[in-house]
Structures are given as C-alpha cells and as structure tokens.
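To start, the structure under review is shown below, and the notes come after it.
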Amino acid sequence: IHSCCYLSRRLNQLSSHDPLWKRHCKKYWLISEEEKSQRNQTWKALFISTYSDLGRYIRYYATLKKAWDDLEKYLGQRCPRMIGSLKESVREEDLDAVEAQIGCKLPDDYRCSFRIHNGQKLVVPGLMGSMALSNHYRSEDLLDIDTAAGGFQQRPGVKQCLPLTFCIHTGLSQYMALESVEGRNKYEIFYQCPDQMARNPSAIDMFITGTSYLEWFTSYVNKVVTGGYPIIRDQIFRYVHDKECVATTGDITVSVSTSFLPELSSVHPPHYFFTYRIRIEMSKDALPEKACQLDSRYWRITNAKGDVEEVQGPGVVGEFPIISPGRVYEYTSCTTFSTTSGYMEGYYTFHCLYYKDKFFNVTIPRFHMVCPTFKVSTARMVSAGAVLLEPNHNEYAVDEDEDSTDTDEYEDRRRVLDIPAPSGRCPRHT
C-alpha cells in the first residue's frame, strides 16, 4: 500500500488513514496501544519502521512473538528464575554473520525467533525442559546463536546440522538440518541416536521432534503454557499426561504421565526407554479411618507384538507410602520395550490402618507409551537395504530382543513433588 500510494491521490489518502495501519500493526507486529503511546508515532509510521527492520519475517513474527510473550508470562508466575536466563534479541547483521561463518542459510522462522530472544545462557534449569531419574538428569537449554554456530556439524551422519538445544549433563542436543542430506528433510529437527551395532560412526539414527522451527518451538510452548508439562521445583518436566489415564477406586485416584528418553534409547538394537510418573491421591473428603498403606504392586506389561509380562513386588521404589485424606504421593519409575510401543496396567494392594486385616486393590489405569517417529541412518539403509522407520513399524526392519524382566537397574523416587538429589538405584516396573 505504501509503495502504490504514489500512483493515485485516492490511494494516497487511504494510505494515510491511521486506523488502517493500526489493524496491521496489531496483526503483524503485536504492537499495543501502550507501546504506541511510548514511541509517540502514528500507526503508519510504526508499521513502516517495524517493517523496515523485520519485514522479511512478516509471515512468522506475530506467531513467534505471541509464543515468547505467553511463555515469559507463564514462567514469570511459575518459574521466575528461568526468566533471568533469557538473552536479549540479536541484530540482523549478527544472523548474517553466522550464515557466512557456517556457509548455510538459516530458515527465516529460526532467525525471527532470535530477533525476539537470543536463546538463553547455559544454565540449569533449561528452557526446553528437564527429566530426572535418580541416576540420570537432563535439562535442555535453548542455545544462543553464537553457541549454536559453534556446534554446527559437518561430520558424516550429521552433516550441515545446527544444534538448537544442549544439556550440559548428558551432552544431548536437538539438531536442525539446514539441508536435505543423509536422509533428512530440510529444517527437520531431531535427536541423534548412534547405531550401537554399526562400526561406521556415520551410522546415526534420528528421533524426529519437529518438521520446522516454528512448529517445534510453538508446539512446545503451547504444551508448557496450557499446563501440559508439570512445573516441579522451578523446572519444566516433559511428562505427557493423558486426561483419560486416570482411575478412581473408592477414595483413591491414580493418574499417570509418561515420557520417552531418547538419550537412553536406541533404534538398532531396538531399545526404547520410557519413564512414567505415578500420582496417588486420596480425596480430602474421605473419612479419617480410610487412611491406608500401600503393601505391593502388580503390573501387566504388553508390548507391540502382544507379548505379556507380569510383575509383582512389595511396595513402590522401595517404599510403603501411607495415604490419608488429602494426601498425595508421587513417584517416578521406568521401563524399556524392544518394540516401538507398549502399555502397562495393574493395581496396588493397600491395607487399612484402622482395620489392619482389611486389604483392597486400587486400579492403575492402562497407559500407553509410544516412541516418536524415527529414521534409520542412511549408512545402514545403504548397507542393509533398510527403510525409513515410523512408530509401530519396526518389526520388519530391525531384529527385536525380548523385553527384559523386572530388575534393579534404575531408580528414582519423588514424594509430594519433591525430587531428591541423584542417588540410589531404581527397579523397573515399580
């Protein structure tokens, strides 16, 4: 409109109509009335000045700015110390310099996000979520542009890939492919997963986490700000809770959240690692004499091939929690599958504290665990004629081992939203 206005007097008059520019300022740049007053400019002048700086991002800016604003507002209320780790925006010339340094073009949605915030400092907790078992901890920072450029990869297996996140404890990163090479789509985002049975170091499988930066970042933010991920001790924990995955027996309710851990999983050999977070709560309206203690657990575990494993044992994570009206007990455990998906269900056995000879079972709802979409390495595809792999489609492409039985390999426990320092070991299926 601004360029065309010189061709017509009427169009020139229309282009000077400020309410027209107000709508565009709010739609494309999210400029508020308060910001306009502070800058003391007309809506037209605001639009033109903003467009001259951010015009190449007009398709993405409003979506990403809203995501960042929503995230900051939410974290300000729930995780205020995380706000202090965010870095200020970068300049256009800084992004151009990075492109020159790595020899690849950065996607505009990625560049746009860094014009709003330049990632975060390398601190704990990380903005992109945490996960904790007692002998394993992950917290992913959103990298600033210079750190990301320093980690740009040209080695076989991850050629022309840029790290988006980094965990200082595990060394784990999520990468974005800047070109369509080695079986990846351009701008696809993934966790790298070395093929543990290949001698070729370039044999790297991939767990896919996004198809573009815009989709990857905004979907994560949406999960956070809608309460899809729990906030525990000022950290975002990437547990996914299915609202249908709740069972109530009498006055006791059991709910389950799950998470896939790519850093402890592999495609070849097939080994898919999941954690699950159990919440056991007694209604605050229950009578005091309903107080009870957990004695044992029973699990029925089914993998994608229909193989069933049954596990029974005393307590949970070595404890025998007491549940009383209004009381919540939570703990975290883990399991592995040799198939890309599986589910668990079962029950806890409690005894009443007031009537010690009275026992009863409390249902654990069925909860499903599904590996994210993945791709096998091109090195293995060439050598073995393998195919791209999707969840629930690995049976024809990789050899599957039997699922392991209940062992004392891992341990984590958390009581009433309290995560202890890493220690101890954790039996699976607790």
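The values are calculated or read from the model by the stated rules, or taken from the named source; none is laboratory data. Treat the numbers as computed from the prediction; the structure is a model and nothing was measured. Glycine also receives a Cβ, built like all others from the backbone with ideal geometry; neighbour counts cover every protein chain displayed. Surface accessibility is based on the protein's heavy atoms, side chains included, excluding ligands, DNA and RNA. Shrake-Rupley method; radii C 1.70, N 1.55, O 1.52, S 1.80 Å.
Of the listed requirements (1) open to solvent by 10 Å² or more (accessible area, probe 1.4 Å); (2) touching a Phe, Trp or Tyr at 6+ places or on another chain (Cβ under 8 Å), ALA247 misses just one: (2). Is it true that some residue in the stretch 313-335 is assigned to a strand (DSSP E or B), polar (S, T, N, Q) and open to solvent by 10 Å² or more (accessible area, probe 1.4 Å)? No, the stretch 313-335 contains no residue that is assigned to a strand (DSSP E or B), polar (S, T, N, Q) and open to solvent by 10 Å² or more (accessible area, probe 1.4 Å). One residue alone among PHE367, PHE360, PHE350 is at pLDDT 95 or above, exposed (fewer than 15 other Cβ atoms within 10 Å of the Cβ) and assigned to a strand (DSSP E or B), and that residue is PHE360. Taken together, THR258, THR302 contain a single residue that is of a type in the set (S, T, N, Q) and in contact (Cβ under 8 Å) with a residue 60 or more places away in the chain, which is THR258. Six or more apart or on different chains, Cβ atoms under 6 Å: show the pairs whose first residue is in the stretch 227-245 and at positive phi and whose second is open to solvent by 30 Å² or more (accessible area, probe 1.4 Å) and not acidic (Asp, Glu). Close Cβ pairs (under 6 Å, with a partner that is open to solvent by 30 Å² or more (accessible area, probe 1.4 Å) and not acidic (Asp, Glu)) amount to ASP234/ARG81.
Right, LYS223: open to solvent by 50 Å² or more (accessible area, probe 1.4 Å) and not in a loop (DSSP other than H, G, I, E, B) or not? Here the answer is yes, as LYS223 does meet what is asked. Being open to solvent by less than 30 Å² (accessible area, probe 1.4 Å) and within 24 Å of ARG111 (Cα to Cα) is the filter here; which residues of the stretch 184-205 pass it? Of everything in the stretch 184-205, those that are open to solvent by less than 30 Å² (accessible area, probe 1.4 Å) and within 24 Å of ARG111 (Cα to Cα) turn out to be ARG184, GLU188, ILE189, PHE190, TYR191.
The residues in the stretch 59-83 that are open to solvent by less than 50 Å² (accessible area, probe 1.4 Å) and outside any helix (DSSP H, G or I) can be counted, and the count is 2. Residues in the stretch 207-220 that are open to solvent by less than 10 Å² (accessible area, probe 1.4 Å) and assigned to a strand (DSSP E or B): PHE207, GLY210.
Filtered by the rule that a residue be in a loop (DSSP other than H, G, I, E, B) and either modelled with pLDDT under 95 or out of contact with any Phe, Trp or Tyr (no Cβ under 8 Å at 6 or more places or on another chain) (or both), the stretch 298-312 gives LYS305, GLY306, ASP307. Taking the listed residues ALA97, ALA132, ALA148, the one that is without any contact (Cβ under 8 Å) to a residue 24 or more places away in the chain and not aromatic (Phe, Trp, Tyr) is ALA97, with no other qualifying. Filtering the stretch 62-100 to residues that are farther than 30 Å from VAL124 by Cβ and either of a type outside the set (D, E, K, R) or outside the structural domain of ASP144 (by the TED database) (or both) leaves ALA62, ALA100.
Would you check which residues across the stretch 38-61 are at pLDDT 95 or above and more than 15 Å from TRP21 (Cβ to Cβ) and list them? Once the filter is applied, which keeps residues that are at pLDDT 95 or above and more than 15 Å from TRP21 (Cβ to Cβ), the stretch 38-61 yields ASP53, LEU54, ARG56, TYR57, ARG59, TYR60, TYR61. Going through (1) under 19 Å from ALA132 (Cβ atoms); (2) surrounded by fewer than 21 Cβ atoms within 10 Å (Cβ to Cβ) one by one, PRO288 falls short only on (1). Given the condition under 19 Å from ARG366 (Cβ atoms), part of a strand (DSSP E or B) and in contact with an Asp or Glu (Cβ under 7 Å, 6 or more places away or on another chain), answer yes or no: does some residue in the stretch 278-291 qualify? Among the residues of the stretch 278-291, at least one is under 19 Å from ARG366 (Cβ atoms), part of a strand (DSSP E or B) and in contact with an Asp or Glu (Cβ under 7 Å, 6 or more places away or on another chain), which makes the answer yes.
Scanning the stretch 83-113 for residues that are under 26 Å from ILE236 (Cα atoms) and more than 22 Å from the chain's Cα centre (by Cα) yields GLU88, SER89, VAL90.
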